[in-house]
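The values are calculated or read from the model by the stated rules, or taken from the named source; none is laboratory data. Computed from a prediction, not measured in an experiment: that's the story for all the values here. Note that we place each Cβ from the backbone using ideal geometry, even for glycine, and neighbour counts take in every protein chain shown.
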2 protein chains.
Amino acid sequence: MLTALGRQLRVDSVRAADFAGLGPPASSLSAADLMAVLLAGHLRYDFDASQNPANDHLIFSKGHASPLLYAMYVAAGAIASEELRWFRASGSRLQGHPTPALPWVDVATGSLGQGLGIGAGIALAGARLDRRDFRVWVLCGDGELAEGSMWEAFEHAGHERLRNLTAIVDVNRLGQRGPTRLGWDTAAYARRISAFGWHTVEIDGHDVDQIDAAYAEAAASERPTAVLARTRKGKGLRAVEDVGDAGSGGAVLPDAEAAIAELGGRSAIRVEVAAPEYEAPAVPDLRSLRIPWYERGRLVSTRTAFGQALAAMGHARSDVVVIDPDASDATLTSYFAEEHPERFFECHAAEQQMAATAVGFSVRGFLTFAATPAAFWTRAYDVVRMASIGGVGLCLVGSHAGVSTGADGPSQMGLEDIAAMRALWRSIVLYPCDANQAAHLTAAMTEHSGIRYLRTTCEDTPVLYGPEETFPVGGSKVLRESDADDVTIVAAGITVHEALRAADVLADDGVSVRVVDLYSVKPVDTATLRRAAADTGRVVIVEDHWPQGGVGDAVLDALTGSTVMPSVLKLGVLALPGSATPVEQLYHAGIDADSVAEAVREIMAG
Amino acid sequence: MLTALGRQLRVDSVRAADFAGLGPPASSLSAADLMAVLLAGHLRYDFDASQNPANDHLIFSKGHASPLLYAMYVAAGAIASEELRWFRASGSRLQGHPTPALPWVDVATGSLGQGLGIGAGIALAGARLDRRDFRVWVLCGDGELAEGSMWEAFEHAGHERLRNLTAIVDVNRLGQRGPTRLGWDTAAYARRISAFGWHTVEIDGHDVDQIDAAYAEAAASERPTAVLARTRKGKGLRAVEDVGDAGSGGAVLPDAEAAIAELGGRSAIRVEVAAPEYEAPAVPDLRSLRIPWYERGRLVSTRTAFGQALAAMGHARSDVVVIDPDASDATLTSYFAEEHPERFFECHAAEQQMAATAVGFSVRGFLTFAATPAAFWTRAYDVVRMASIGGVGLCLVGSHAGVSTGADGPSQMGLEDIAAMRALWRSIVLYPCDANQAAHLTAAMTEHSGIRYLRTTCEDTPVLYGPEETFPVGGSKVLRESDADDVTIVAAGITVHEALRAADVLADDGVSVRVVDLYSVKPVDTATLRRAAADTGRVVIVEDHWPQGGVGDAVLDALTGSTVMPSVLKLGVLALPGSATPVEQLYHAGIDADSVAEAVREIMAG
């Protein structure tokens, strides 16, 4: 039956691909036997209750094998065979690569090398917090073993001894354009992966008995297991298998009907997938949140307030977890680590694995924070991009924003993070200027969905707001305002303090300035900005970020629909910073109080 | 003498840190003996001629050990001891992390895990193209071995058997906030690294004889060698060494004078670093460039034209190299690979290593292209960020831009790449709409410095421009224009075709539309945009990208200084795409010709 099921998965993969106008999906065919044995004999999953927390997780890290995944859903009775007709069609949930548009898909895949790290995160949540008995199965390609993110995952899972995690590696020895480096040398893969603390099993990936035994061995192992399965890309179709090193170029491939015939013809095997008992989802323990607050005028960095608010959040909600890439003493998630060590997860200096672990915990329903210096979110940008596509909820924090980071130099300064984080679907970007705002926004992040990003500053800055203030996402604060304002200064984060200083200097010169604290960069407070623009006719924007894609661009976008456009001057970091003190850095970048005042005078001079 | 030199490097590291107001630089002290032996006995470097192509390369992948690097420069006589006084000071070239502001530094480091991949790229260039005898030495931390990028580098260098590459791993067993996973277990590191095809040597990193022997062994090895050196963080300072697992928290550290005394006091050892014979830099073989051209009206994708122009560029210049992450059949660098296989370097599916390899070739003076589907530049964003900080010249290409990629779904669509690439220091962002423009811009990229990014489209589009056209960086093309234009449409890439179709439809309705092809997104053609805005008073911008940070924001920024601001409507991708045909995708995203025409009518209605 397993062999027949493997044949059916191949046939249905070919059918799906053909409906989409594609030739035989060679990398679905290679993994079909592996998935047949998993589906029929090892996966524990209730397709009628995808929300059952006792369900196993199956992640197609090689997301381009989506036809195979959808063929499995047909065999499991989760979707009708006819739905394959809509593979890759407009509006269909059977997309080119799997996404959570399907209830049985946890995360979007299709960017190679991410599934295993996420699987490790899910497995870690299961082993350490959920305390549930599910297993995590990740189908990986051999080509994607070239991705460093895979090795961050092997390292993390091996160190944590995640015995509930199995990587099924479809070693079909061909990448996208030709052979992989190691071909069918599964022993070489085994040496590498076992050196990272994994159990490994090498098998013929088309021998259902060997596959079955390997999965049983994985389940019995005390460590995470990698099943290294030698397979043939295009298995079952002579012409496709024979293409060998040349990729698909040049070979005459069979049409769908011929391929289906060669594969053994259509069948309608229906697998009764073993469903675990339904378990109630965990209900987080909720208490009232006591956000820390700071006296006006005190010098406190926003990263400190974030860290302390996060620790408070940990007391208020039992489902808050924090993921760290050996940076907690910089981001100040160290406060949380001290008070909630059981919910603080160390990924060491592996930012992609930090982000993937966070995705994994989010998949398991935890309220997940991950923090690193803002500059190093660039290292995990693809993981965050894929999370946003998959609708995963994440609270992300970037410390050490901008040139005000100081003497460490440009490598340590987040100067592109707002641009990167704004350019994600449905993302929220917040940038507090004082401790009370930072604490409130830390809490506010948890009340939204999707990707939320909080940008904090290294330096201590004076507390501006009293404890009575609120800071809704999408809002702003007008810190200086009169009926006769000449110019509006829009600032955020550290430049708010420069803007206020500039306003004071200008007031002495008789220039009345409105100051807007744009703590919510996305969504942005369009109404307040347009009103200020209409009232003053002149807007100076100042930010500690490259001039592209940051606060300035967000403001311009908001003003675009104004009936009357104001004059606008944008100040941002124009030159490459070196080392210097924070004060010197702001001066060199032309975003300190003097530069702002100068810009106000310039815009008034027309 | 070597031991004394190690002591001096420690003392000078402490002096530098103290000048900057910092305590003893514990992770410089651990590596001092390793660097003393390298400097005095193995490094071949002419500090008076950093441009000598026969010089070895020394990369501090652990860039936070910059005090040690600068102490080495003092010992080598490259800088005066007094210059240490300016460590981390404003305007100083002795920055917090090394940058090429110093002539002996190849690349900026400070983002962990990047130095080894770049070193592998340099070594590959040396072994395969330069054919020079230099060696590449990379000082790595043990903490950064958690970064997946390191394992991409191990994999690449091991596979390529780069015997000219040595990784010196300072196993001081402490990361930023605590112990590493493996502590001093160098055998565990050796198992992992040797599984990737490297030779490994485990030594006491404070025993100069062992260090010396290890380097000799590395030089004699047929493979790349990792010297795994057990060291003590803070070596030589009892109080710092004793801090152990707790990081620096709590310990009473000696002040600088006490530390210098404990380390053995000041000295002024001057090392005669062995300088290689001066060799003339390679002069590229230049021939006239025959850019391919395409007849107007033909359907040719911009990625095809890029690929063919790149192959032509390979004939015109012998110094052009191309780095591929198993995507040449998508990006169409395959044309180059076929015609210039000896200058085409395959990194397999490892985008960070692709980018790092490109940096390495650029360091060696090659004119380096690297291409991947645009979405996957997010995977290498940090490497590109660091390259931009280091002033490295790179020609980068992202194919499969935007929703017009089609049925593969959102994971494969570059929708944030313009935002990310614009937000890099001095970057250039180009986005051709037709084959002739793509071919010309491919050539134009090579005439600039820094990070240059070309965005190409998967789909075939009609050729618009004749062979006589030129496309300077920073320019634009006005494709429709009259004295009585009602509205300006600004488009780029695939939306140019939609804009032209909209203009035709509108013309039938008596609406005269100006169409600007904004192929140069950064720098942007401010003059033409402002003139169009002034002439028409209304601007519709349409782009195949998220609305944040892309073409629309670039246009708004350019219009910001206009004397009279036009009405502006920005069209971009608002909803998360799924699978669909390219035509359907443009429709769903609201960026097809009908949507553009509708927007024009809307803006005219005011």
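Worth pointing out:
- Scoring A:ALA575 on the criteria (1) within 27 Å of B:THR563 (Cβ to Cβ); (2) not in a helix (DSSP H, G or I) leaves a single failure, condition (1).
- Failed criterion for A:LEU569 (all others in (1) touching an Asp or Glu at 6+ places or on another chain (Cβ under 7 Å); (2) closer than 13 Å to A:ILE489 by Cα; (3) more than 9 Å from chain B (Cβ to nearest Cβ); (4) outside any loop (DSSP other than H, G, I, E, B) hold): (3)
- From A:ALA157, A:ALA188, A:ALA153, residue being in contact with a Leu (Cβ under 6 Å, 6 or more places away or on another chain), over 27 Å from A:ASP133 (Cβ atoms) and of a type in the set (A, V, I, L, M): A:ALA188
- Test: B:GLY360 is touching a residue at least 60 places away in the same chain (Cβ under 8 Å), outside any helix (DSSP H, G or I) and more than 9 Å from chain A (Cβ to nearest Cβ): no
- Those residues of the range B:188-225 which are farther than 30 Å from B:LEU237 by Cβ, within 14 Å of another protein chain (Cβ to nearest Cβ) and hydroxyl-bearing (Ser, Thr, Tyr), in sequence order: B:SER194
- Of all residue pairs spaced 6 or more apart or on separate chains, those with beta-carbon atoms under 7 Å, a first member in the range A:226-251 that is over 15 Å from A:PRO24 (Cβ atoms) and in the same structural domain as A:LEU68 (by TED's automatic domain parsing) and a second member that is part of a loop (DSSP other than H, G, I, E, B) and at pLDDT below 90 are A:ASP245/A:GLY178.
- Contacts under 7 angstrom Cβ, first residue in the range B:95-109 being surrounded by fewer than 23 Cβ atoms within 10 Å (Cβ to Cβ), partner of a type in the set (Asp, Glu), 6 or more apart: B:PRO100/B:ASP106
- Sole residue being within 12 Å of chain B (Cβ to nearest Cβ) and within 21 Å of the chain's Cα centre (by Cα), chosen from A:HIS97, A:HIS57: A:HIS97
- Pairs where the first residue, in the range A:366-385, is in the same structural domain as A:VAL320 (by TED's automatic domain parsing) and the second is surrounded by fewer than 24 Cβ atoms within 10 Å (Cβ to Cβ) and of a type in the set (D, E, K, R), C-beta under 6 Å, 6+ apart: A:PHE366/A:ASP319; A:LEU367/A:ASP319
- A:ALA167 away from every other protein chain (no Cβ under 14 Å), touching a Cys at 6+ places or on another chain (Cβ under 8 Å) and either in a loop (DSSP other than H, G, I, E, B) or surrounded by 24 or more Cβ atoms within 10 Å (Cβ to Cβ) (or both): yes
- Selection count where residues are under 19 Å from B:GLY115 (Cα atoms) and not in a loop (DSSP other than H, G, I, E, B), scope the range B:195-210: 2
- You will find that of B:ALA358, B:ALA375, the residue that is in contact with a Leu (Cβ under 6 Å, 6 or more places away or on another chain) and over 17 Å from A:ARG177 (Cα atoms) is B:ALA358 and no other.
- Being within 14 Å of chain A (Cβ to nearest Cβ) and buried (at least 24 other Cβ atoms within 10 Å of the Cβ) is a property that B:SER28 lacks.
- Any hit, the range A:66-82, residues being surrounded by fewer than 24 Cβ atoms within 10 Å (Cβ to Cβ), modelled with pLDDT of 95 or more, touching a helix residue (DSSP H, G or I) at 6+ places or on another chain (Cβ under 6 Å) and part of a loop (DSSP other than H, G, I, E, B): yes
- Of residues in the range A:397-455 being more than 10 Å from chain B (Cβ to nearest Cβ), part of a loop (DSSP other than H, G, I, E, B) and more than 20 Å from B:GLY549 (Cα to Cα), the one nearest to the chain's Cα centre (by Cα): A:SER449
- Identity of the residue in the range A:378-390, more than 22 Å from B:GLN114 (Cα to Cα) and at the interface with chain B (Cβ under 8 Å from one of its Cβ atoms), that ends up surrounded by the fewest Cβ atoms within 10 Å (Cβ to Cβ): A:ILE389
- The lone exception for A:SER92 - which of (1) more than 14 Å from every other protein chain (Cβ to nearest Cβ); (2) part of a loop (DSSP other than H, G, I, E, B) it fails: (1)
- Subset of the range B:288-319 [over 20 Å from B:THR405 (Cα atoms) and in a loop (DSSP other than H, G, I, E, B)]: B:SER288, B:LEU289, B:ARG290, B:ILE291, B:PRO292, B:TRP293, B:TYR294, B:GLU295, B:ARG296, B:GLY297, B:SER318, B:ASP319
- Looking only at residues in the range A:329-357 that are in contact with a Pro (Cβ under 8 Å, 6 or more places away or on another chain) and more than 9 Å from every other protein chain (Cβ to nearest Cβ), the one that is surrounded by the most Cβ atoms within 10 Å (Cβ to Cβ) is A:MET354.
- Within the range A:178-187, the only residue that satisfies the criterion of being at the interface with chain B (Cβ under 9 Å from one of its Cβ atoms) and either assigned to a helix (DSSP H, G or I) or within 28 Å of the chain's Cα centre (by Cα) (or both) is A:THR180.
- Residues in the range A:505-530 that are in a helix (DSSP H, G or I) and out of contact with any strand residue (DSSP E or B) (no Cβ under 9 Å at 6 or more places or on another chain): A:VAL505, A:ASP508, A:THR526, A:ALA527, A:ARG530.
- Single match in A:ILE323, A:ILE269, A:ILE291 (criterion: within 14 Å of chain B (Cβ to nearest Cβ) and either among the β-branched types (Val, Ile, Thr) or closer than 29 Å to B:LEU145 by Cα (or both)): A:ILE323
- The range A:262-287: number of residues that are loosely packed, with under 14 Cβ neighbours inside 10 Å and not in a loop (DSSP other than H, G, I, E, B): 1
- Listed conditions (1) outside any loop (DSSP other than H, G, I, E, B); (2) over 25 Å from B:LEU424 (Cβ atoms) are all met by A:GLY561, apart from (1).
- Between A:LEU586, A:LEU556, the distinction of being touching a residue at least 24 places away in the same chain (Cβ under 8 Å), assigned to a helix (DSSP H, G or I) and buried (at least 23 other Cβ atoms within 10 Å of the Cβ) belongs to A:LEU586 only.
- Residue satisfying condition, being touching a His at 6+ places or on another chain (Cβ under 8 Å) and outside the structural domain of A:SER328 (by TED's automatic domain parsing), within set A:GLU469, A:GLU498: A:GLU469
- Test: residue in the range A:547-558 that is more than 8 Å from every other protein chain (Cβ to nearest Cβ), modelled with pLDDT of 95 or more and over 34 Å from the mean Cα position of the chain (by Cα): no
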